[in-house]
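*Asks:* One structure coming up, written as structure tokens, with questions to follow.
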Amino acid sequence: MPQLAELPLLPWAVALPLGGAALVFVVRERAQAIGLAVGVASAAVGLLLALQVATGGVQHHAVGGWGAPLGIDLAADGLSALMVAMTSVVGLWVSLYSSAYFGAGDGGHQRAYFWPLWLLLWTALNALFLAADSFNAYVTLELLGLSAVALVALAAAAVALGVITAGLVLKTALFPFHFWLPPAHASAPAPVSAVLSALVVKASFYLLLRFWFWVLPEAATPVVTNLLGLLGALAVLWGGLRALTAERLKLLVAYSTVAQLGYLFLVFPLALGSVEGFTAWGGVALLLLAHATAKAGMFLSAGAILKASAHDGVSGIDGTAQALPVTVFAFALAGVSLVGLPPTGGFAGKWILLNAALATGQWWWAAVLLAGSLLAAAYTVRVLTHAFTRLPGEPPACVVPARLEWSAVALAVTALVLGFAAGEILELLRVGAPVSGPVLMEQLR
């Protein structure tokens, strides 16, 4: 049996979901089984790749033996391996969830087209995270956008048109260019919402990290970095307030994504050129992972509630905890991570950012972190208050497939476990990490 370091995991991380997408498109009658099998295999490859990088360092592969500039180079360092692993974990449980969500009652159209588009999106994500040059990163980002838009088109056509129009302008949905995200994520099928929120919006942010920290760190100025931080802070506050007042459950979760994305942009004023550079950068990476798993779990929970009750009005979910205790537990646990309570991954990431803000004398970013956590606690408690309101008599009969409930639980538990693995994650991030802080400033002089 070959050693882990000898396995060609880089090309398989792209080729496996790509081949699966082509296969399920041809063999549509077996799309569910083939898609689920390919999803499990792709997740295993992604997680093994993270282990390979952790034990063997940066990995490189020239596709077909032709390296750049004539061919395509793939590379994996700590950050890209972590992003592929994040995609693997979310993708595994979304695939399992989808195998039950798109049942016979949903019509053959959605079921037939979801699997090839989902696997194509998985291909684009892995290819983007492993791209070793800017050209292929751009190409894979466009492929990601095309497959994401097509997935959203499984929902209402008006929503798809809105996503196409706004998604081509700015893909990160940072305030004030976030207006397309809540209606798109709230109207798409639950597995699609989970993928969009947990993975798709992270891809463009990943490229921002690459360009700002690896390619053009000298472009960072206090004006630019603080502007990005300010937009992130406004996203935290505005998204949290809109989530607090949202009438629909999935819309509430979607506005929560706007808020959580704002935290990620605090990396620019806190990391570039500061003594706490790597610390802040690592904290944001932890938040990125925690949000991906927690928010995917929260969307899958909302989807199960919608499936059971045929509506997702926040005020109409009274008694849900009686009927769907596992689903409500998953939602609550995911909310705990979004709030940033110990020992979750959300707590670890926010704690690191909080310390970075105080250590660099930028207390205003610490205030944003605390305010955002209070808002997240408020809208999470609002949902749980309705869910735990007991209805008179017997609880309504709400039967959903166990896979819908336990997939959400698995993702929420992953967000919790990330807090215990924070040290190992930060060590993985150091593999191939960029220079920052005073070292970078000295080089620029």
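The values are calculated or read from the model by the stated rules, or taken from the named source; none is laboratory data. Predicted model, so just to flag it, every value in this text is computed and none were measured. So basically every Cβ, Gly included, is an ideal-geometry build from the backbone, and we count neighbours across all protein chains shown. Heads up: the accessible areas ignore ligands, DNA and RNA and are worked out on the full protein's heavy atoms, side chains in. Shrake-Rupley method; radii C 1.70, N 1.55, O 1.52, S 1.80 Å.
*Asks:* Being open to solvent by 10 Å² or more (accessible area, probe 1.4 Å), at pLDDT below 90 and in contact with a strand residue (DSSP E or B) (Cβ under 7 Å, 6 or more places away or on another chain), is that true of even one residue in the stretch 303-326?
*Replies:* yes
*Asks:* Considering only the stretch 296-354, state which residues are over 18 Å from ARG248 (Cβ atoms) and among the β-branched types (Val, Ile, Thr).
*Replies:* Passing the criteria: VAL326, VAL336, VAL339, THR344, ILE352.
*Asks:* Could you pull out the residue among ALA371, ALA356, ALA332 that is open to solvent by less than 10 Å² (accessible area, probe 1.4 Å) and either outside any loop (DSSP other than H, G, I, E, B) or at pLDDT 90 or above (or both)?
*Replies:* Just one listed residue meets the conditions, ALA356.
*Asks:* Every residue in the stretch 1-12 that is touching a residue at least 12 places away in the same chain (Cβ under 8 Å) and out of contact with any strand residue (DSSP E or B) (no Cβ under 8 Å at 6 or more places or on another chain), please.
*Replies:* Correct list: LEU4, ALA5, LEU7, TRP12.
*Asks:* Which one of these is β-branched (Val, Ile, Thr) and modelled with pLDDT of 90 or more: VAL24, VAL53, VAL63? Can you show your working first?
*Replies:* Working: VAL24 fails: modelled with pLDDT of 90 or more; VAL63 fails: modelled with pLDDT of 90 or more.
Step by step, each of VAL24, VAL53, VAL63 is checked, and only VAL53 is β-branched (Val, Ile, Thr) and modelled with pLDDT of 90 or more.
*Asks:* Report, ordered by the first and then the second residue, all pairs with beta carbons closer than 7 Å, sequence separation of six or more or different chains, a first member in the stretch 192-205 that is among the charged types (D, E, K, R), and a second member that is crowded, with 24+ Cβ neighbours inside 10 Å.
*Replies:* Short answer, once both residue conditions are applied: LYS202/LEU288; LYS202/ALA292.
*Asks:* Here's another thing I want to ask about it. Of the residues GLU424, GLU394, which single one is among the acidic types (Asp, Glu) and either at pLDDT 90 or above or in contact with a Leu (Cβ under 6 Å, 6 or more places away or on another chain) (or both)?
*Replies:* Unique residue meeting the criteria: GLU424.
*Asks:* Residues in the stretch 247-256: is at least one open to solvent by less than 10 Å² (accessible area, probe 1.4 Å) and not in a helix (DSSP H, G or I)?
*Replies:* For the stretch 247-256, residues open to solvent by less than 10 Å² (accessible area, probe 1.4 Å) and not in a helix (DSSP H, G or I): absent.
*Asks:* Which members of the stretch 128-139 meet the condition of being open to solvent by 20 Å² or more (accessible area, probe 1.4 Å) and out of contact with any strand residue (DSSP E or B) (no Cβ under 6 Å at 6 or more places or on another chain)? Walk me through how you get there before you give the answer.
*Replies:* So in the stretch 128-139, the residues open to solvent by 20 Å² or more (accessible area, probe 1.4 Å) come out as 131-136, 138-139.
Hits for the stretch 128-139 are ALA131, ASP133, SER134, PHE135, ASN136, TYR138, VAL139.
*Asks:* Right, next: Please work out if LEU341 is outside any helix (DSSP H, G or I), surrounded by fewer than 22 Cβ atoms within 10 Å (Cβ to Cβ) and touching a helix residue (DSSP H, G or I) at 6+ places or on another chain (Cβ under 8 Å). Break it down into steps so the answer makes sense when it comes.
*Replies:* Numbers: outside any helix (DSSP H, G or I): yes; surrounded by fewer than 22 Cβ atoms within 10 Å (Cβ to Cβ): yes; touching a helix residue (DSSP H, G or I) at 6+ places or on another chain (Cβ under 8 Å): yes.
When the stated conditions are applied, LEU341 passes them.
*Asks:* Got at least one residue in the stretch 122-143 being modelled with pLDDT under 65, assigned to a helix (DSSP H, G or I) and farther than 30 Å from GLN32 by Cβ?
*Replies:* Within the stretch 122-143, none of the residues are modelled with pLDDT under 65, assigned to a helix (DSSP H, G or I) and farther than 30 Å from GLN32 by Cβ.
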